[in-house]
Amino acid sequence: MAVRSNLVWLTLALSLFDPTCNAGPVRQREAVPDGFYAAPYYPTPYGGWEESWKQSYAKAQALVDKMTLAEKTNITGGSGIFMGNSGSAYRVGFPQLCLQDGALGVGNTDHNTAFPAGMTTGATFDKDLIYARAVAMGKEFRGKGAHVFLGPSVGPLGRKPLGGRNWEGFGSDPVLQGIAGALTIKGVQEQGVIATIKHFIGNEQEMYRMYNPFQPGYSSNIDDRTLHELYLWPFADGVHAGVGSVMTSYNAVNGSAASQNAYMTNNLLKDELGFQGFVLSDWLSHLSGVASALAGLDMSMPGDTQIPLFGGSPWKFHLTEAVLNGSVPVDRLNDMATRIVAAWYQFGQDKDFPAVNFHSYVSSEKGLLYPGAVPASPIGKVNWFVDVQADHASVARQVAQDAITLLKNDDDFLPLSTKTPLRVFGSDARVDPAGPNACGSRACNKGTLGMGWGSGVANYPYFDDPITAIKKRVEDVKLYDSDNFPLILSPSPTDDDVAIVFINSDAGENSFTVEGNHGDRDNDKLSAWHNGDKLVQKAAEKYKNVVVVVHTVGPLIVEPWIDLPSVKSVLFAHLPGQEAGESLTNVLFGDVSPSGHLPYSITKKEDDLPDSVSKLVKEIIGQPQDTYSEGLYIDYRWLNKQKIKPRYAFGHGLSYTTFNYTDAHIKLVNALSSALPPARQPKPSVPVLSTKIPPASEAYEPAGFTKVWRYIYSWLSKSDADKAYAVGISDKSGSKTYPYPAGYSTVQKPGVPAGGGQGGNPALFDTILELDVTVQNTGSTHKGKASVQAYVQFPAGSGYDTPIIQLRDFAKTKDLAAGESETVTLRLRRKDLSVWDTLKQNWVAPGAEGDNGKSKRYTVWVGEGSDKLFTRCFSDTLVCERGVEPPV
Ligand SMILES: *[C@@H]1O[C@H](CO)[C@@H](O)[C@H](O)[C@H]1NC(C)=O
Ligand SMILES: *[C@@H]1O[C@H](CO)[C@@H](O)[C@H](O)[C@H]1NC(C)=O
Ligand SMILES: *[C@@H]1O[C@H](CO)[C@@H](O)[C@H](O)[C@H]1NC(C)=O
Ligand SMILES: *[C@@H]1O[C@H](CO)[C@@H](O)[C@H](O)[C@H]1NC(C)=O
């Protein structure tokens, strides 16, 4: 029951002008820049060959075998926008599935937890916490009866700092996204809820991403190596973790829309990455009928064509027809249905799964059962108000707290004493007086910013705002509840006063424009909203000691005030969700040391990054072309290459205490015996159901069935079914008359060399190097958690142009008391030591033994930020040393 109401109306408004929009392709592809090409790749690889899914596939195949044609096509599509859920096959015991946003908690309901956003979670650099949040979210989805969690989001990767939805993911680095995404999938799916990794792929900006009757969505033109080493990377980790579903994006890749891009879905996702679950379209992004089925899409959501609510659908009854008339091969439909049913079995949803007990579009107990059918919808009980929060607030608070990133702390100004007189500035310090949920989809920026806006949000059950939490601790507090600096300060500033200035920067989905920002931060750019810079500057004029607290969706340019002498301390609290208050005061007053680290770099100027990354693509006519000309060089990879010093580097984060990193050891766990991974096992064959076109009677609409108005069904009238079947079995069958794309084939391929297991060749996930490092809290007063980050430097002269350093693993210590130490372990897998070779179409480890005299030496740098690397370890001599000059 995911809601995209906003988006629907937008699409509707645009689509009303296009009466021809139907199951066929919308239009011919637009030209993309030379060299970018979406190659054909057919057919869709069958699922079911991967060991860990075999049992679920066996059960799924048995169930699908009992389904009629109309039942199979029913479960591969939604029932229509505002109708809720996918279609069922109740006769054989397969329910409607509830697919629900959002990536930070159960969306559009009540009695749920509003967790910190993905970006906040990434900033903890804490695997245990990332996982704990996911377990809690999974329990809440299950408790509400939602089968499918529409998260995690690892695309956008965060290539463009202005991008609107970066905050739903974990940070601008593929490894941070990959590890956090995989742990999220694991935690959610262990609760019996299917996770959906999204958006596949190249959705790095919000504006212009959607196709509409006048303009195609932008094309992300990505070369093969960049795709593998950056954007596909976290998806590979997600598939390796066994993710049950993947959602395609709205945009095109190399000119071909993601919901029907055969190269992306058939080749990269289902063949190379060996994805066993089902691929679904993002809401109303499904453009074509037969073409998308052939290109590997398995589920159409919410079932409608781009003009919703007129009963049209690219699939459902049209898919039934396309199978009967022979255009879509029967085995493709069987594979779609089997993938969906297999995921349901894989996570145990056939046993004791709670019934859906909430409604996305109605908040009262009784209401329209099918709002899309208004005014003809029956009314009934739709909300049971099940409280799924348990003690999850404590996980949410811990994530929010451990994400808080101390960027600057002159003279160890923080922590504050609770005796200090505090003067608090900025409306971001307190919750929106109209209530935290006053703006639908959080599409406004009023009060403390706990999350961005759009479909990736959840309702707040309550909001612990900073000012309330501060007032609980400090007696002498005054809030100036305005974003304009007051003309009169009363009491007048003294040297003892501390000013805390709250500023923020918001972003979200393109379905809403907030204060001139169309999802992306196109209006406010990377500056604080509501004149926040000025507020800080003014406070810094009047007060000797200023602390700046920033709630933000991503990087912010802090140059207008960062060097002012009275700006003593700066805390980035990211997007804390409902637990914004106490998480912050715990840090402000020193109950805990801050331990968050930046999941992106903060540059001094927007154009410290290349135009292709710092600018948004715009086009009035035709398809905007978003060409990834910077290749591998985003964020710190670019800054290091260009020797541009950011204000704060990726991974940076201070503490109230200090840490020493000693006793580093590196060991070889598995020899890197060849540059190429060992050859994969051949793909096992899978049993297939009958590929014969079923009798037309399997599609007949039953007599006497009362249809819900506008609901999308999979049946055909008897005459339409008979007509289609006649074409299917005739010599002029669909398979001969349908204009199949170049390169179309129905013969299963053996599988690409880089594949072989979930996520790719299993050898890519073998640990090669393991590092131990002992971290000691060398301070004398404060406890603290240290973040240990490992970056790889590839062998010199490897022949591959490779970023100087790249994050490969991270670990966080427990809360270490003064003098206490802990040894943490970091691992590098074969893939972490490899580059994608576009000619070999495989991962190549250039430092493997015996590679014609080239250097075999990988250097692993260990430190507490990408610019604070204290120790290096060599992969060949297995020596670690301290106190050497870092490479960046
Ligand atoms: C896009 O085009 C580039 C350049 O030809 C190619 O390397 C890459 O594999 C293509 N990607 C897709 C998804 O078609
Ligand atoms: C398709 O699903 C809907 C919703 O559950 C149901 O009413 C309908 O009977 C199903 N159709 C078939 C063919 O089972
Ligand atoms: C078969 O049905 C599909 C779906 O309605 C349609 O797009 C296609 O053109 C039909 N093919 C033939 C040969 O009638
Ligand atoms: C860190 O540890 C090293 C090696 O034991 C030692 O030489 C150095 O003095 C320590 N630094 C601090 C700040 O304690």
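A few comments on the model shown:
- Filtered residues of the range 781-812 (kept if touching a Ser or Thr at 6+ places or on another chain (Cβ under 8 Å) and in a loop (DSSP other than H, G, I, E, B)): Thr781, His782, Lys783, Lys785, Ala786, Phe794, Pro795, Ala796, Gly797, Ser798, Ile805
- 3 or more residues open to solvent by less than 10 Å² (accessible area, probe 1.4 Å) and at pLDDT 95 or above: qualifying helices (runs of 4 or more DSSP H) within the range 522-620: 532-542, 580-588
- Residues that are over 21 Å from Ile194 (Cβ atoms) and within 16 Å of ligand 1 (Cβ to nearest atom), drawn from the range 272-291: Glu272, Ala291
- Top-ranked residue of the range 339-348 - restricted to ones that are touching a Gly at 6+ places or on another chain (Cβ under 8 Å) and open to solvent by less than 10 Å² (accessible area, probe 1.4 Å), ranked as farthest from Ser690 (Cα to Cα): Ala343
- A single member of Asn640, Asn660 is farther than 30 Å from Tyr250 by Cα and in a strand (DSSP E or B), and it is Asn660.
- Check on Leu99, closer than 30 Å to Phe170 by Cα and either within 16 Å of ligand 3 (Cβ to nearest atom) or surrounded by 24 or more Cβ atoms within 10 Å (Cβ to Cβ) (or both): yes
- Taking the range 51-82 as the range and being open to solvent by less than 10 Å² (accessible area, probe 1.4 Å), under 20 Å from Arg710 (Cβ atoms) and either of a type in the set (A, V, I, L, M, F, W, C) or within 16 Å of ligand 4 (Cβ to nearest atom) (or both) as the test, the residues that pass are Ala70, Ile75, Ile81.
- Residue check for Gly178: in a loop (DSSP other than H, G, I, E, B) and out of contact with any strand residue (DSSP E or B) (no Cβ under 9 Å at 6 or more places or on another chain): no
- Residues satisfying the stated conditions in the range 127-157, i.e. more than 20 Å from Val239 (Cβ to Cβ) and touching a Pro at 6+ places or on another chain (Cβ under 8 Å): Arg133, Arg142, Gly143, Lys144, Gly145
- With respect to the conditions (1) aliphatic (A, V, I, L, M); (2) surrounded by 24 or more Cβ atoms within 10 Å (Cβ to Cβ); (3) farther than 26 Å from Arg133 by Cα; (4) in contact with a His (Cβ under 9 Å, 6 or more places away or on another chain), Val328 lacks only one, and its number is (4).
- Which listed residue, of Thr418, Thr405, is touching a residue at least 40 places away in the same chain (Cβ under 8 Å), surrounded by fewer than 21 Cβ atoms within 10 Å (Cβ to Cβ), touching a helix residue (DSSP H, G or I) at 6+ places or on another chain (Cβ under 7 Å) and closer than 23 Å to Val474 by Cβ: Thr418
- Residue within the range 180-203 that is touching a residue at least 40 places away in the same chain (Cβ under 8 Å), closer than 27 Å to His574 by Cα and among the acidic types (Asp, Glu) present: no
- Restricting Thr513, Thr494 to those that are surrounded by fewer than 21 Cβ atoms within 10 Å (Cβ to Cβ), without any contact (Cβ under 8 Å) to a residue 12 or more places away in the chain and either at positive phi or not acidic (Asp, Glu) (or both) reduces the list to Thr513.
- Annotation: Val727 fulfils all but one of (1) open to solvent by 80 Å² or more (accessible area, probe 1.4 Å); (2) in contact with a helix residue (DSSP H, G or I) (Cβ under 7 Å, 6 or more places away or on another chain); (3) among the hydrophobic types (A, V, I, L, M, F, W, C); the unmet one is (1).
- Scope the range 169-189; condition under 15 Å from Gly151 (Cβ atoms) and of a type in the set (Ser, Thr, Tyr); matching residues: Thr184
- Selected residue [exposed (fewer than 13 other Cβ atoms within 10 Å of the Cβ) and modelled with pLDDT of 95 or more] from Ala679, Ala696, Ala671: Ala679
- Only a single item in (1) surrounded by fewer than 24 Cβ atoms within 10 Å (Cβ to Cβ); (2) under 22 Å from the mean Cα position of the chain (by Cα); (3) under 23 Å from Glu204 (Cβ atoms) is not met by Gln306, and it is number (2).
- Residue check, Thr781 within 16 Å of ligand 4 (Cβ to nearest atom), farther than 30 Å from Glu885 by Cβ and of a type outside the set (A, V, I, L, M, F, W, C): yes
- Residues in the range 297-340 that are of a type in the set (Asp, Glu) and assigned to a helix (DSSP H, G or I) were compared, and the one that is nearest to ligand 1 (Cβ to nearest atom) is Asp335.
- Members of the range 365-386 found to be open to solvent by 60 Å² or more (accessible area, probe 1.4 Å) and farther than 24 Å from Phe310 by Cβ, listed by number: Glu365, Lys366, Lys381, Trp384, Phe385
- Residues of the range 763-797 that are hydroxyl-bearing (Ser, Thr, Tyr) and open to solvent by 10 Å² or more (accessible area, probe 1.4 Å): Thr767, Thr774, Thr778, Ser780, Thr781.
- Reported count of residues in the range 102-140, each being open to solvent by 20 Å² or more (accessible area, probe 1.4 Å), under 22 Å from Ser360 (Cα atoms) and either touching a helix residue (DSSP H, G or I) at 6+ places or on another chain (Cβ under 6 Å) or in a loop (DSSP other than H, G, I, E, B) (or both), is 3.
- Taken residue by residue, the range 647-661 has at least one member that is within 16 Å of ligand 4 (Cβ to nearest atom), under 13 Å from Gly863 (Cβ atoms) and open to solvent by less than 20 Å² (accessible area, probe 1.4 Å).
Condition check ((1) of a type in the set (A, V, I, L, M); (2) open to solvent by less than 10 Å² (accessible area, probe 1.4 Å); (3) touching a helix residue (DSSP H, G or I) at 6+ places or on another chain (Cβ under 7 Å)) across all residues:
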residue	(1), (2), (3)
Gln177	no, yes, yes
Ala195	yes, yes, yes
Gly217	no, yes, no
Ser220	no, yes, no
Val243	yes, yes, yes
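- Number of positions in the range 701-714 that are open to solvent by less than 70 Å² (accessible area, probe 1.4 Å) and farther than 22 Å from Met299 by Cβ: 1
- Set side by side, the residues Phe125, Phe82, Phe149, Phe115 differ, and just one is in contact with a Ser or Thr (Cβ under 6 Å, 6 or more places away or on another chain) and either within 16 Å of ligand 3 (Cβ to nearest atom) or of a type in the set (A, V, I, L, M, F, W, C) (or both), which is Phe125.
The values are calculated or read from the model by the stated rules, or taken from the named source; none is laboratory data. These figures come from a predicted structure and were not determined experimentally. Quick reminder, even Gly has a Cβ in these numbers, built from the backbone with ideal geometry, and neighbours come from all protein chains shown. Side chains are part of the model used for accessible areas, which takes the heavy atoms of the whole protein and leaves out ligands, DNA and RNA. Shrake-Rupley method; radii C 1.70, N 1.55, O 1.52, S 1.80 Å.
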